[in-house]
1. Please report, in debye to the nearest 20, how large the charge dipole of the range 4-149 is about its Cα centre when each Lys and Arg carries +1 at its beta carbon and each Asp and Glu carries -1 there.
2. What residue among Leu12, Leu77, Asn45 has its Cα farthest toward the positive end of the dipole of the chain, where the charges are +1 on Lys, Arg and -1 on Asp, Glu, each on the Cβ?
3. May I ask you to evaluate 6.51 cos²θ - 1.76 cosθ + 1.60, the Karplus curve with θ = phi - 60°, for each residue of the range 72-77 and list the ³J(HN,Hα) values in order in whole Hz, giving x for glycine and proline?
4. Got a sec to turn the phi values of the range 107-112 into Karplus ³J(HN,Hα) couplings, 6.51 cos²θ - 1.76 cosθ + 1.60 with θ = phi - 60°, whole Hz, x for Gly and Pro?
5. For the ranges 57-69, 127-139, what's the packing order if you count other beta-carbon atoms within 10 Å of each residue, average per peptide, and put the highest first?
6. For the range 19-25, what does the Karplus curve 6.51 cos²θ - 1.76 cosθ + 1.60, with θ = phi - 60°, yield as ³J(HN,Hα) per residue in whole Hz, taken in order and with x for Gly and Pro?
7. Classify the range 4-149 as rounded, prolate or oblate from the Cα gyration tensor: take a ≥ b ≥ c as the square roots of its eigenvalues, call it rounded if a/c is under 1.5, otherwise prolate when a/b beats b/c and oblate if not.
8. When the helix-only estimate is applied to the chain (DSSP H runs of n ≥ 4, each -39,500 (n - 2.57), divided by the residue count), what is the mean residue ellipticity at 222 nm, nearest 500 deg cm²/dmol?
Amino acid sequence: MTSSKPSTIFNLIRLFETGIVVFLVLLMMVVVGLSALELAVMLWNQMREPPYLLLNFEELLEVLGFFMMVLIGLELLETIKNYLTQHALHVEVVILVAMIAISRKVIILDMKVTTPESMFGIALLLASLSLSYFLIKKGMSLPISRTTFR
């Protein structure tokens, strides 16, 4: 009789986790959809202003930053979906999301107000993530390697 209690609790925890993950997927779908719509509206409004069909540098940075934000949302949605289907968190996907987020930051960075120390920190962070991604992909080709947490 005592052995059924732990399995019942584990089943309840698994059901709770699944419910939360499904809720997060639905919220992420709403966020990504609204962000894509906002990007389209922003681009349409900026291209209707003179000079027509052209973007100035600040507008281009704004559009690219927003575009990258939608990509980050899609990658996060993919991460949540993988967790829901496989009950595993893939480290390489998380690192890719972080790399995209940092790349977005670099794209929209105002070089006039950014300190050299901040630029060095961002470069070091991006290099570290790139090296981590490389090592994980290299390790995945080994027969006994696992890069997921369960």
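Bear in mind these aren't lab numbers, they're just calculated from the coordinates by the rules spelled out. Just so you know, these numbers come straight off a predicted model, no measurement behind them. Backbone-built Cβ (ideal geometry, glycine too); neighbour counts: all protein chains shown.
1. 700
2. Looking along the dipole axis, the top candidate is Leu12.
3. 4, x, 5, 5, 5, 4
4. Result, rounded to whole Hz: 5, 8, 5, 8, 5, 6.
5. 57-69, 127-139
6. Along the range 19-25, the couplings run x, 5, 5, 4, 4, 5, 4 Hz.
7. Oblate, since a/c reaches 1.5 and b/c is not below a/b.
8. Mean residue ellipticity at 222 nm (helix-derived): -28000 deg cm²/dmol.
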